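The values are calculated or read from the model by the stated rules, or taken from the named source; none is laboratory data. Model, not experiment: these values are computed from the prediction. Positions of Cβ are generated from backbone atoms using ideal geometry, with glycine treated the same way; all protein chains shown enter the neighbour counts. Calculation scope for accessible area: heavy atoms of the full protein, side chains included, ligands and nucleic acids excluded. Shrake-Rupley method; radii C 1.70, N 1.55, O 1.52, S 1.80 Å.
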Amino acid sequence: MKLKCPLVLLAALGSVGSAGAAQVIGGTGIGYSTNPITMVARLVFDKKDLKPGAAPLVVKSGDNVAPPEQQDMPITVPPTKSMAWCDPVSNPTERPVPTDFSKCYGWAMFSKWFLIDLSALKKQGVGAVWVSIRASRLEDQTALGDLIPALTVWRGQQNLGSTNHWYPNMFQTTPPFWAWKLTPFTGPGNQGWATAYDSASKNTAAVIGKVPLKGGDKDYLTVAVGGDARHLDPKQKHDVNFQLAVSIAKKKPVQDSTPPPAGGKIDQYGCTVGATCWHPPMNHCMAVSLCNLPQYKGECLCTQ
């Protein structure tokens, strides 16, 4: 399956007025078609958000993210899908469609996309910030509350070109990602993506990393949020509510207390033992299943 849609400039998501605390600016999408890839909102931060005790910026499904002057025309955050982050059907490289979840990719049109805007900080004299991005379940008494959250984070913003139906949820490199202006948000102790599937509670997935501020498009983070319900039959995919909490800090925040995936420990490369391995040619952690593919065999550094 292949779906392409023209890409609308992310600048159309709105602009920041006078400096203030974190703001949510509603968006209309990064593409349009029968099944649009939705950029839900731009989350804008400034220096005030670095103060000790500053509350995280929280967006959840059902919220109205329209700016104050447009409250009479609500922009409501929609739910995501239970398998939007990991679904074999979205794999762009194999036909017939695989059923093995180790070959899953993200579904771009069913995940929910956010732009984290750090551009004001550089102008305010800030050289670098730590960013915490947490996707979590919204509990209720319906199927809409059974999300197993997962997210992938890139550095940059894709503000031209065309979109496609898939995205590399674990930074797979084949085929090349259509969002060529985005690079994996990885670094020591940060593999740039997270899933709650292998955690004990299955409630929260978090990515925490340092962002050196350089100006231009690099002072943005692009986030895709979806569900990782690998235990379900693919025919059972359904809408699920979610919450996204983002905060910034001058110093490295306390690491998430959610147990890491199977294998547990973080190795010297910042990869999760048993789940991901360091891939020097691309300078980021790669899923073990990808490291075992013929084209990457022998290239990964895996800690036993």
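Of all residues in the range 226-257, which are among the hydrophobic types (A, V, I, L, M, F, W, C) and in contact with a Pro (Cβ under 7 Å, 6 or more places away or on another chain)?
Keep residues of the range 226-257 that are among the hydrophobic types (A, V, I, L, M, F, W, C), which gives 229, 232, 240, 242, 244-246, 248-249, 254.
Listed by number, the residues that qualify are Val240, Phe242, Ala245, Val246.
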Practice item. Scan the strands (runs of 3 or more DSSP E) fully inside the range 197-257 and keep the ones with 2 or more residues being over 28 Å from Thr76 (Cα atoms). Key: 204-212
Check your understanding: Do the conditions hold for Pro98, that is, is it in a loop (DSSP other than H, G, I, E, B) and closer than 26 Å to Gln172 by Cβ?
Key -> yes
Exercise for review: Scan the range 201-228 residue by residue and report those that are among the hydrophobic types (A, V, I, L, M, F, W, C), out of contact with any Ser or Thr (no Cβ under 7 Å at 6 or more places or on another chain) and over 16 Å from Val126 (Cβ atoms).
Suggested key: Val207, Val223
Review point. Mind checking which pairs have a first residue in the range 117-141 that is at negative phi and assigned to a loop (DSSP other than H, G, I, E, B) and a second that is open to solvent by 40 Å² or more (accessible area, probe 1.4 Å) and among the charged types (D, E, K, R), Cβ under 8 Å, 6 or more apart or different chains?
Key: Gln124/Lys47; Val126/Lys47; Leu138/Lys60
Revision key, fill the gap. Restricting the range 38-61 to residues that are of a type in the set (A, V, I, L, M, F, W, C) and assigned to a strand (DSSP E or B), the one surrounded by the fewest Cβ atoms within 10 Å (Cβ to Cβ) turns out to be Val58
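Kindly provide the set of residues from the range 63-83 that are assigned to a loop (DSSP other than H, G, I, E, B), of a type outside the set (A, V, I, L, M) and closer than 27 Å to Ala229 by Cα, ordered by number.
Step one: list which residues in the range 63-83 are assigned to a loop (DSSP other than H, G, I, E, B), which gives 63, 65-67, 71-75, 77-79, 82-83.
Among the residues that remain, those that are also of a type outside the set (A, V, I, L, M) are: 63, 67, 71-72, 74, 78-79, 82.
Matches in the range 63-83: Asp63, Pro78, Pro79, Ser82.
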Check your understanding: Looking at (1) at pLDDT 90 or above; (2) part of a loop (DSSP other than H, G, I, E, B); (3) more than 24 Å from Asp228 (Cα to Cα); (4) open to solvent by 20 Å² or more (accessible area, probe 1.4 Å), which is the one condition that is false for Phe110?
Key -> (3)
Point to revise | Count - residues of the range 84-106 that are open to solvent by 10 Å² or more (accessible area, probe 1.4 Å) and either under 21 Å from His231 (Cα atoms) or under 16 Å from the mean Cα position of the chain (by Cα) (or both) | key: 9
Point to revise | Leading residue by the ranking (modelled with the highest pLDDT) among those in the range 62-83 that are open to solvent by less than 40 Å² (accessible area, probe 1.4 Å) and farther than 20 Å from Ser111 by Cβ | key: Ala66
